[in-house]
Structure formats: C-alpha cells, structure tokens
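Below is one structure, written out as structure tokens; comments come after it.
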Amino acid sequence: MELEPFKSIYRQSSGQCIDSLREFGYAITRLELEPSASFDSEWRQFKESWNKLEADRYLKAATTYRFRRYAAYDYFSLAGNLRQKPHQGFRQTTTEGVNNPYAGQERIFAPLTDDIANGQWLRILIQANIELFSRLLANPISHWTVGVHQIRVLGTSSAAGSPTPEGIHRDGYRFLASHLVNSSNLAGGASRIYDGGRKLIKEVALRQPGDTVLLDDRRVYHEATPVYPLNSNLGKAERDVIVISYDEV
Ligand SMILES: [Fe+2]
C-alpha cells in the first residue's frame, strides 16, 4: 500500500532530499521553522538548552572546547512509537573504515534534560527523518535505534575548536542528520562530505538555524572544519548542533 506523502519538515520537498541522498549520498536542506506562538517558545527553549550542556571529558585536548548531552531512543515504525531508552553509555562501532578514536570505548555523557528529551520538537524531527530515510530503503526497517547528541563547540582566536578531531570519518550508522541550532560569532565549522573513495564532493557551512546535512553514512565520509571567531574582538565562537544517528536494531 502506498503511504500518504508526509509534509516535509524541510524547505525542500522530501522528494528533493531523497533524490539527492539517492544520487550523492547526502542532502543539504533547512528545517522549516514555522513561526507560531507555541513553536517559537519551544524552539527558544530548545536552543537555550545548549547553554546547559556539560564538558566532554573524553576530549583529548589542552582546553575543553566541546560540550554535550546524549540520549538514545527506540523507534517502532509500524506504530510510529518513539521510546527513550534508559540512560546508557555511548559506544561507537569498531567496524573498519569508520575511523573513530573512541571505537569500542564506552563514553558516559550527561543525559538530555527531560524537557528536551520528551519535547514535541525532537519527536517530530526524529519521526520525519525516519519517514524520509525509510523511503530510500528497499527493505523497511521496523525497529530503529536513534542516538541524539546535543553538541556545542567553542573556538577562540588562540585555540580553534575542532568539531571532528578524528578527521575524515564515518560513524558506523545507516543514516545521520546534523542540524545547526544556533551559532554566535562563528567562522569555520564547515561541513565537508567525501565520497566512498574519500574525495571531497561537498563543502557547506551551516549558518542559519535549522540548516541541515543528511548523510547516508554507509556511502559517504564527513568531517567539519575548525571553529574560530569571525571577529576576535567579540570573544569566542559558538557552534551548536544536534546530531542524530539512525540505525537498524
Ligand atoms: Fe561524525
């Protein structure tokens, strides 16, 4: 049975995103942040929660420039049911070619706060992305596992902050979405996408709230360039993103 087409949460139609993912292994788009009283207040609450992230104590750097929170969910496609998992350590795959310095290591990050973890906005985002990604699959996934990372990277004029100190990598999931939530005095921090042979195929700087990169993590590699202040007289640069991984259980 043909499913009803769902309303895209992006400026582009879901068809355009799917075509780009199918052809290139990525799509660049922007969330449609429709102004309305309830949406505006939830978005503001969402955005401000990046001020309450905790230091990434696993970062191998002289100064802490990365802050984060994490939560994991199950998503059952048939029922459209999203369920938060009990808080757990975060562990990345040891699959070859993934290139993660923390592969196999359990990292304990602070949990998402309840208002964000249970908020309507996160739920809509996850469900819409899963519906979009599902349309790329020959065989539907009935049980997804979803990882949600709130991440802030700071950069100063004396110390740029690297969002991806591991360099060019994959993360070992089926799909990835990276959404810019907010930025301040930001230069750098561009997203780079590489094909399976690690040839650069796209560079895009996410600058507007809602700017989004969708990746087929099996087909393309990615990294982000260092973050530094646009104007050093204005203090540090901030780059706030939510990165969400989507995988089959
Ligand atoms: Fe990554």
Open item on the list: Looking only at segment 57-73, filter to residues that are part of a strand (DSSP E or B) and of a type outside the set (A, V, I, L, M, F, W, C); which one of those is farthest from ASP247 (Cα to Cα)?
Closed with: ARG66
Task: Conditions (1) more than 16 Å from the ligand (Cβ to nearest atom); (2) closer than 27 Å to SER41 by Cα; number of the one not met by ILE151 - done: (1)
Open item on the list: Let me confirm something: among TYR173, TYR228, TYR194, TYR246, which residue is over 16 Å from the mean Cα position of the chain (by Cα), surrounded by 21 or more Cβ atoms within 10 Å (Cβ to Cβ) and among the hydroxyl-bearing types (Ser, Thr, Tyr)?
Closed with: TYR228
- [ ] Identify, by number, the condition in (1) under 25 Å from LEU132 (Cα atoms); (2) surrounded by 17 or more Cβ atoms within 10 Å (Cβ to Cβ); (3) more than 13 Å from the ligand (Cβ to nearest atom); (4) without any contact (Cβ under 8 Å) to a residue 60 or more places away in the chain that GLY188 doesn't meet.
- [x] (1)
Task: Test for ASP240: is it in contact with a Phe, Trp or Tyr (Cβ under 7 Å, 6 or more places away or on another chain) and within 12 Å of the ligand (Cβ to nearest atom) - done: no
TODO: Determine whether segment 144-153 contains at least one residue that is buried (at least 19 other Cβ atoms within 10 Å of the Cβ), more than 26 Å from LEU21 (Cα to Cα) and either within 19 Å of the chain's Cα centre (by Cα) or not aliphatic (A, V, I, L, M) (or both).
DONE: yes
Open item on the list: So for segment 224-237 (the condition being charged (D, E, K, R) and within 16 Å of the ligand (Cβ to nearest atom)), does at least one residue qualify?
Closed with: no
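Readers should treat all values here as calculations from the given coordinates under stated rules, not as data from a laboratory. From a predicted model like this one, the values you see are computed outputs, not experimental measurements. All Cβ positions, even for glycine, are placed from backbone atoms using ideal geometry, and neighbour counts span all protein chains on display.
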